[in-house]
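Novice: The following block contains the structure, expressed as structure tokens.
The values are calculated or read from the model by the stated rules, or taken from the named source; none is laboratory data. All of these numbers come straight from a predicted model, not from anything done at the bench. Using ideal geometry, Cβ is built from the backbone for each residue, glycine included, and neighbour counts are taken over all protein chains shown.
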Amino acid sequence: MTILVTGSSGHLGEALVRTLRAERRDVLGIDILPGAFTQRAGSISDRDFVRHCMKGVTSVLHAATLHKPHVATHSRQDFIDVNVTGTLNLLEEATAAGVAAFVYTSTTSVFGDALVPPPGEPAAWVSEEIVPVPKNIYGVTKAAAEDLCQLFARNHSLRTVVLRTSRFFPEEDDNRVVRDGFADANVKANEFLYRRVDIEDVVSAHLLAITHAPPTGFAKYIISATTPFSRDDVMELRRDLPLMLRRYAPDFEREYARRGWTMISGIDRVYVNDRVRAALGWQPRHDFRTLLARLQTDDDIRSPLAREIGSKGYHDRAFRDGPYPLE
């Protein structure tokens, strides 16, 4: 009953392996980089390596990927090799090995330009029905890998779940204006209203997806913290977020003032997790209200798992202007 975790030296991969080990479950971590949570080092673009690792595996948690921060440092072919060919290798070898469930970690970045309403329009209420419009090679390859997962679910009866995760990385924002204008914890707390999730909740969604993968077929879910807002709020959220927030979390102003923090004036989207909560019974523990309660007791807004893993970065070198270069 071995669970294969790809990208086990990375942020999410380590979190998955840590949690599975703590539950005393058999887990095999693989990554291109060696690490404390990686048992076998190699590339998922290497078919022979993937085939060897798939022996005895009953479920796959596929978190390995090239990320958005790699767009400026890696070629488009690199993205295709890892994100598309690597996923295809895993799907084919999982099918051949009779794997029971395949969970693919995707991203809300696949939505791309579909997330940007025209000026004057309400904020986008982003559910699984929104058609993605990828805006870079990262989004294109993640969307293509999602389609491969659906193909194998339909044609090969591989129980497959795609989880589109919102932001959970601990690194600083790549936007200099944001970095200069807000404390980092302030930025992340604000994002829990509409586009961030704690890694502990991301892990719990993945583990639920293994056992609740559709018996025959395919499922795709957005994984983001539960927003306090409703669809009826989208116009005001775009125009005056603090005004709307006073209705749902009136204590935020006092706590933000105590810390010298600022609430952003408006948002252009809200990621909605209704479907995954209903289908998998997922109960995310971390949202804006729970973070506000921690702030009021001067506690860390990060979960214990997030604190334990810390920040890994995306590159083996530092950059002068921001955590990673922009394309």
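Novice: Taking segment 103-145 as the search range and keeping residues that are among the hydroxyl-bearing types (Ser, Thr, Tyr) and touching a strand residue (DSSP E or B) at 6+ places or on another chain (Cβ under 9 Å), which one is surrounded by the fewest Cβ atoms within 10 Å (Cβ to Cβ)? Steps first, please.
Specialist: Step one: filter segment 103-145 for residues among the hydroxyl-bearing types (Ser, Thr, Tyr), giving 104-109, 127, 138, 141.
Checking which are touching a strand residue (DSSP E or B) at 6+ places or on another chain (Cβ under 9 Å) leaves us with 104-109, 127, 138.
On the way: Tyr104: 27, Thr105: 25, Ser106: 24, Thr107: 20, Thr108: 23, Ser109: 21, Ser127: 14, Tyr138: 25.
Result: Ser127.
Novice: Here is a further query. Check segment 216-228 and report whether any residue there is of a type outside the set (Ser, Thr, Tyr), touching a helix residue (DSSP H, G or I) at 6+ places or on another chain (Cβ under 8 Å), modelled with pLDDT of 95 or more and not in a strand (DSSP E or B).
Specialist: Scanning segment 216-228 turns up at least one residue that is of a type outside the set (Ser, Thr, Tyr), touching a helix residue (DSSP H, G or I) at 6+ places or on another chain (Cβ under 8 Å), modelled with pLDDT of 95 or more and not in a strand (DSSP E or B).
Novice: Is it the case that Val162 is of a type in the set (A, V, I, L, M), under 27 Å from Ala100 (Cα atoms), buried (at least 19 other Cβ atoms within 10 Å of the Cβ) and modelled with pLDDT of 95 or more?
Specialist: Yes.
Novice: So if I check each of Ala293, Ala279, which one is assigned to a helix (DSSP H, G or I), out of contact with any Phe, Trp or Tyr (no Cβ under 6 Å at 6 or more places or on another chain) and closer than 23 Å to Val110 by Cα?
Specialist: Details: Ala293 fails: closer than 23 Å to Val110 by Cα.
That would be Ala279, the only listed residue that is assigned to a helix (DSSP H, G or I), out of contact with any Phe, Trp or Tyr (no Cβ under 6 Å at 6 or more places or on another chain) and closer than 23 Å to Val110 by Cα.
Novice: Still on this model: Can you say whether Ala225 is surrounded by fewer than 22 Cβ atoms within 10 Å (Cβ to Cβ), small (Gly, Ala, Ser) and touching a Phe, Trp or Tyr at 6+ places or on another chain (Cβ under 7 Å), as far as the supplied structure shows?
Specialist: Spelling it out, it is not the case that Ala225 is surrounded by fewer than 22 Cβ atoms within 10 Å (Cβ to Cβ), small (Gly, Ala, Ser) and touching a Phe, Trp or Tyr at 6+ places or on another chain (Cβ under 7 Å).
Novice: Determine whether Val99 is out of contact with any Cys (no Cβ under 6 Å at 6 or more places or on another chain), part of a loop (DSSP other than H, G, I, E, B), of a type in the set (Val, Ile, Thr) and within 26 Å of Arg154 (Cα to Cα).
Specialist: Judged against the criteria, Val99 is a match.
Novice: Restricting attention to segment 130-189, which residues are under 20 Å from the mean Cα position of the chain (by Cα), farther than 21 Å from His62 by Cα, in a helix (DSSP H, G or I) and of a type in the set (A, V, I, L, M, F, W, C)?
Specialist: Ala185, Val187, Ala189
A quick yes/no check of all residues on (1) more than 28 Å from Arg307 (Cβ to Cβ); (2) at pLDDT below 95; (3) surrounded by 15 or more Cβ atoms within 10 Å (Cβ to Cβ); (4) not small (Gly, Ala, Ser):
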| residue | (1), (2), (3), (4) |
| --- | --- |
| Ala153 | yes, no, yes, no |
| Phe182 | no, yes, yes, yes |
| Leu193 | no, no, yes, yes |
| Arg196 | no, no, yes, yes |
| Ala205 | no, no, yes, no |
| Val234 | yes, no, yes, yes |
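Novice: From the residues in segment 239-257 that are assigned to a helix (DSSP H, G or I) and of a type in the set (A, V, I, L, M, F, W, C), which one is nearest to Arg289 (Cα to Cα)?
Specialist: Phe252
Novice: Search segment 71-82 for residues that are small (Gly, Ala, Ser) and pair each with any residue that is assigned to a loop (DSSP other than H, G, I, E, B) when their beta-carbon atoms are under 8 Å apart and the residues are at least 6 apart or on different chains.
Specialist: These pairs meet every condition: Ala72/Tyr324; Ala72/Pro325; Ala72/Leu326; Ala72/Glu327.
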